[in-house]
Amino acid sequence: MDASISPDVQILIIDEQSLAQSYLKFALEKLGYQQIDMADRAQDAIQLCKTRQYDLIICAHNLQKGKDGFQLYEELKARGLQKLSTGFIFISADTDPSLVYSVIELQPDEFLAKPFVMGDLEVRIERVLKRKQRLKPIYQLLDHGQPERALELVNTELAKSSSTAFYPLLLKLKGDLLLQLQQYNEAEQFFNSMLDLQPFPWARIGLARTLLWLQKEDQALAMLQQLTRRPETRLEALDCMAELDFRQQQYDEAQQHLQQAAALAPRNLLRQQKLLQLCRINHDYETQYQAAKSMVKFSRHSMHEQPDLYLNMARAGIDFALTLEQDDEQSLRLSRQINQCLSSIRQQFNENRKEFQQEVIQARLLYLKDNKDKAQQLLKDLQEKVPDNDSIEDALDRAKALHEVGLSDAANKLFRQISQRCQREGSDPVFSAYLKQEQQERASMPYGARELNNNAVHLYQHGNWQEAFKAFELALRVMPKSAAIALNLLQTILSAPRRTAINESQQETLILRCLDIIERGKLNPDQVKRYQKLKEKHPERFGDPSVISH
């Protein structure tokens, strides 16, 4: 053990394997460390951290009894049970990139892959403890919420020749603090000066974030496009790109960038939530459902697990199922998963206060199964039982349910109330954009998208070409990835005896869009036959008359 490190250092080892615990303790004692506690469960570790402030925590990822190592580390940080002056070394035999990226986002002091040699662990421990000991006054100021004083102390340390060994860390701390304190002009100068010295990855990302705050979007975009190609900066750069895309109302591009980021580090629930919101704006119901499902999966046993996540997964499942054929196998599977979500709420949480929200979901399930009258009656009965403390998401789901069953006046009134509430309370910009869009679209539709499509089919079959065209076009607007609706609209355009209510150029654009959606989507066997007949009848519209397999 390095002579500058006190033998009284308090160390906590968290590992469920007794052999690993014994090995680590034996090795640490040989290195001269004497104060060592051990825990094999996350809950035990949390209790120990409540009673003692450790200098170093060595935590294994593969904890099976409740929270895993990632969830434990996240909770210790969130609850302030691990101070910034406490070193944290994360150990894992699992080196899957998605876990590594997720862990690195939480910024442990070291990440060590199993198996490792004790000499490597010794080097890591000494490096962490020296750093924490030397910079402890700065970390203590940050722990006590005093970033201004911490920045002053960082500048003082940078002026000392004795701080040379810690210069890179001190410089990064300074950049982080300038951003935290919103000193963006100073931050821009600082990051540029750092990059003149050396292309530090943290300085590149810091400058890109600063440029975004300063509304220098073209410069930020140029930097971010480069940073997304670098493994060490890709994750943060993708997040920044999504933020920039959203500002510019490029919602599809924002979703693509967030999907890439979520694939790299799927355990970041805030990112998954943002992805879910963007998917709703883009009417990408399948990806919305997958994001909601991921949030439930990665929240299990963590401090984030709550009934609202299961409710939102059920709601996203219904939104997705409504875009599918009623008897489609995937739709039936979604119905089972939705019911499993509701069952999980009852079994895991026993939350009576969520019974009303579950009843609303049951009404939407009835509508999904074509029991519109029963769904409508259930929602009418629930109107007298609306809880005072329902969330905005609860109210939004009820508004959607009311609209779907044909209670349009009640739905529109509730949408207005939700909008006013968001204005009073202040809401996430992505959610606000989605709410505005949802309100406008629902107001223009007499009923849900599935019924709109079915009604359009009826109009088409009875020769009401113009009305059928308008209904299919509106249905495609709210379900822009539906190959089935795109096929219906395409057939209406090509088969109508009279020109539709748009000019030739707009019609050509719409045909190309329908073809693109069909090519990217899935058709059932009957729809494939219809598509083939259209190709044979109108070869000039398709170019290649060969049959497309789906």
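Side notes on the structure shown:
- Close pairs from the range 429-456: first outside the structural domain of residue 469 (by TED's automatic domain parsing) and of a type in the set (Phe, Trp, Tyr), partner surrounded by 19 or more Cβ atoms within 10 Å (Cβ to Cβ) and assigned to a helix (DSSP H, G or I), Cβ under 6 Å, at least 6 apart: 431/277; 434/277; 434/280; 434/281
- Scanning the range 109-125 for any residue that is surrounded by 15 or more Cβ atoms within 10 Å (Cβ to Cβ), modelled with pLDDT of 90 or more and in contact with a Phe, Trp or Tyr (Cβ under 6 Å, 6 or more places away or on another chain) turns up at least one such residue.
- Flag if residue 156 is more than 19 Å from residue 53 (Cβ to Cβ) and assigned to a loop (DSSP other than H, G, I, E, B): no
- Enumeration of residues in the range 321-341 that are surrounded by fewer than 22 Cβ atoms within 10 Å (Cβ to Cβ) and outside any loop (DSSP other than H, G, I, E, B): 329, 330, 331, 332, 333, 335, 336, 337, 339, 340
- Any hit, the range 292-315, residues being under 30 Å from residue 485 (Cα atoms) and of a type in the set (Val, Ile, Thr): no
- Within the set 493, 485, 518, the sole residue that is in a helix (DSSP H, G or I) and within 23 Å of residue 368 (Cβ to Cβ) turns out to be 485.
- Filtered residue count, the range 240-252, keeping only those that are surrounded by fewer than 16 Cβ atoms within 10 Å (Cβ to Cβ) and part of a helix (DSSP H, G or I): 2
- When residue 413 is tested against the conditions (1) surrounded by fewer than 21 Cβ atoms within 10 Å (Cβ to Cβ); (2) under 19 Å from residue 318 (Cα atoms), the lone failure is (2).
- Inter-residue pairs, beta-carbon under 8 Å, first among the acidic types (Asp, Glu) and in the range 183-203, second modelled with pLDDT of 95 or more and surrounded by 17 or more Cβ atoms within 10 Å (Cβ to Cβ), 6+ apart: 186/178; 188/207; 188/210; 188/211
- Residue match in the range 234-245 (condition: closer than 30 Å to residue 321 by Cβ, of a type outside the set (A, V, I, L, M) and at pLDDT 95 or above): yes
- Given (1) under 29 Å from residue 234 (Cα atoms); (2) outside any helix (DSSP H, G or I); (3) touching an Asp or Glu at 6+ places or on another chain (Cβ under 8 Å), number of the condition residue 178 does not satisfy: (2)
- Evaluation of residue 407 against the conditions (1) touching a His at 6+ places or on another chain (Cβ under 8 Å); (2) of a type in the set (A, V, I, L, M); (3) surrounded by fewer than 21 Cβ atoms within 10 Å (Cβ to Cβ) shows that the sole unmet condition is (1).
- Residue match in the range 84-96 (condition: closer than 16 Å to residue 132 by Cα, free of Cβ contacts under 8 Å to residues at least 24 places away in the same chain, of a type in the set (A, V, I, L, M) and assigned to a loop (DSSP other than H, G, I, E, B)): no
- Criterion: part of a helix (DSSP H, G or I) and touching a Phe, Trp or Tyr at 6+ places or on another chain (Cβ under 7 Å) - qualifying residue of 376, 420, 439: 439
- Filter pass, residue 298 being outside any loop (DSSP other than H, G, I, E, B) and more than 22 Å from residue 479 (Cβ to Cβ): yes
- Qualifying residue in the range 261-269 (condition: closer than 24 Å to residue 482 by Cβ and assigned to a helix (DSSP H, G or I)): yes
- Members of the range 447-478 that are within 35 Å of the chain's Cα centre (by Cα) and either under 13 Å from residue 513 (Cβ atoms) or of a type in the set (Ser, Thr, Tyr) (or both): 447, 472, 473, 476, 477
- Answer residue from the range 457-472, given it is free of Cβ contacts under 8 Å to residues at least 12 places away in the same chain and part of a helix (DSSP H, G or I) and is farthest from residue 493 (Cα to Cα) among those: 458
- Against the list (1) surrounded by fewer than 17 Cβ atoms within 10 Å (Cβ to Cβ); (2) modelled with pLDDT under 90, the condition residue 98 fails is (2).
The values are calculated or read from the model by the stated rules, or taken from the named source; none is laboratory data. No experiment lies behind these values; they were computed from the predicted model shown. Neighbour counts run over all protein chains shown; Cβ positions are idealised from the backbone, glycine included.
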